[in-house]
């Protein structure tokens with residue numbers, strides 16, 4: 001007869017559990033309260049930024065010479081005089097947060113003056129080459145935000161659909177996504193070519209896989225005019241792409257066939273797919289490029305959670321964005337997950353260049 005293992009009896013407390021005040025100092029408790037309030041009120045900062053964008057405050061200050069008083073700003077954006085005190089409170093949040101700068105008046109009878117920062121200059125929506133307005137609009141859009149209000153029930157639900165699909169019945173928010181990809185290429189490619197241009201040296205032909213309307217490929221061709229650049233994307237995407245003298249477009253499916261090229265370029269592609277699909281894509285990539293000693297490689301622009309500047313804001317932004325794209329069934333990966341995928345496909349080596357803020361350049365060799 002097998003031995004019977006009795007469970008330990010529950011210990012009875014001889015005294016009441018010590019209150020939390022007895023375990024921590026007053027300052028520790030007050031700081032804990034501040035931390036919790038700061039996290040819980042984070043949405044207010046996001047909504048303040050959204051409000052400033054929708055009121056066109058960055059554009060208005062930019063077109064006024066780069067600085068404005070509250071009264072000037074209120075008049076220019078068409079606010080009722082009664083809203084001026086509220087505008088000051090909105091701008092106080094945005095200046096304390098570092099979104100705008102504020103210059104204190106020389107005398108008590110004068111007004112403060114608001115100015116732009118590098119952050120808000122990226123929101124001036126008529127700056128086509130450095131405009132992050134579309135991606136911020138996506139992140140702050142109510143259609144994207146609302147699914148997160150039901151995230152707890154989604155976790156408890158047995159359904160396998162995405163958080164966004166559960167809320168809205170579809171997986172993507174196509175028009176906003178398309179606008180985001182164009183503006184992201186305009187913003188990021190200039191920095192990639194300036195900071196990591198060496199990764200393109202010696203490449204004779206390159207295909208931008210899932211490259212949309214060719215924003216990235218056009219930037220690469222402009223920097224390396226001797227390179228033959230093409231864009232591979234689905235037929236309906238290619239059909240809407242504007243004609244270009246320097247970039248050719250190929251209608252196709254990266255899961256079925258990728259035409260041969262010296263190098264392949266994939267920007268913000270893999271975070272849309274699960275590991276199995278990433279393996280399928282990379283197998284097609286490996287078939288399309290020559291051996292490493294003949295210059296073959298895959299250039300990936302994507303997030304590698306962890307590497308990069310050793311400060312908390314970058315890492316926190318990475319994990320927040322990972323949770324954000326989980327809404328659309330996307331995922332951001334740590335290096336060991338990338339490595340597992342590369343090894344499964346049979347690539348020989350890779351190099352991560354973590355100089356792109358929250359994203360990295362990955363050079364992958366056959």
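The values are calculated or read from the model by the stated rules, or taken from the named source; none is laboratory data. Please read all numbers here as calculations on a predicted model, not as lab measurements. Using ideal geometry, Cβ is built from the backbone for each residue, glycine included, and neighbour counts are taken over all protein chains shown.
Some points to look at:
- Just one of the listed residues (231, 182, 199) is assigned by the TED database to the domain that holds residue 262, within 28 Å of residue 357 (Cα to Cα) and in contact (Cβ under 8 Å) with a residue 60 or more places away in the chain, and it is 199.
- Subset of segment 41-57 [part of a loop (DSSP other than H, G, I, E, B) and either assigned by the TED database to the domain that holds residue 143 or within 17 Å of residue 96 (Cα to Cα) (or both)]: 41
- Residue selection: residue 60 satisfies the criterion of being in contact with a helix residue (DSSP H, G or I) (Cβ under 9 Å, 6 or more places away or on another chain), outside the structural domain of residue 190 (by the TED database) and closer than 29 Å to residue 187 by Cβ.
- The condition of being in contact (Cβ under 8 Å) with a residue 24 or more places away in the chain and not in a helix (DSSP H, G or I) holds for only one of 98, 115, 78, that being 115.
- Selection within segment 118-132 - over 16 Å from residue 67 (Cα atoms) and part of a helix (DSSP H, G or I): 128, 129, 130
- Members of segment 104-121 found to be within 16 Å of residue 90 (Cα to Cα) and in contact with a strand residue (DSSP E or B) (Cβ under 8 Å, 6 or more places away or on another chain), listed by number: 112, 113, 114, 115, 116, 120
- Sole exception among (1) free of Cβ contacts under 8 Å to residues at least 40 places away in the same chain; (2) surrounded by fewer than 17 Cβ atoms within 10 Å (Cβ to Cβ) for residue 292, by number: (1)
- Scoring residue 276 on the criteria (1) within 30 Å of residue 317 (Cα to Cα); (2) in contact (Cβ under 8 Å) with a residue 24 or more places away in the chain leaves a single failure, condition (2).
- Only listed residue being touching a helix residue (DSSP H, G or I) at 6+ places or on another chain (Cβ under 8 Å) and assigned by the TED database to the domain that holds residue 333, chosen from 261, 239, 243: 261
- Verdict on residue 328 being over 17 Å from residue 232 (Cα atoms), out of contact with any strand residue (DSSP E or B) (no Cβ under 9 Å at 6 or more places or on another chain) and either part of a loop (DSSP other than H, G, I, E, B) or not assigned by the TED database to the domain that holds residue 227 (or both): yes
- Scanning segment 295-325 for residues that are touching a residue at least 60 places away in the same chain (Cβ under 8 Å), touching a strand residue (DSSP E or B) at 6+ places or on another chain (Cβ under 9 Å) and over 13 Å from residue 270 (Cα atoms) returns 295, 296, 297.
- Filtering segment 99-120 to residues that are more than 18 Å from residue 50 (Cβ to Cβ) and in contact with a helix residue (DSSP H, G or I) (Cβ under 8 Å, 6 or more places away or on another chain) leaves 101, 102, 111, 112, 115.
- Conditions (1) surrounded by fewer than 21 Cβ atoms within 10 Å (Cβ to Cβ); (2) not in a helix (DSSP H, G or I); number of the one not met by residue 232: (1)
- So residue 107, is it part of a loop (DSSP other than H, G, I, E, B) and farther than 21 Å from residue 144 by Cβ: yes
- Qualifying residue in segment 106-116 (condition: assigned by the TED database to the domain that holds residue 52, loosely packed, with under 14 Cβ neighbours inside 10 Å and within 29 Å of residue 183 (Cβ to Cβ)): no
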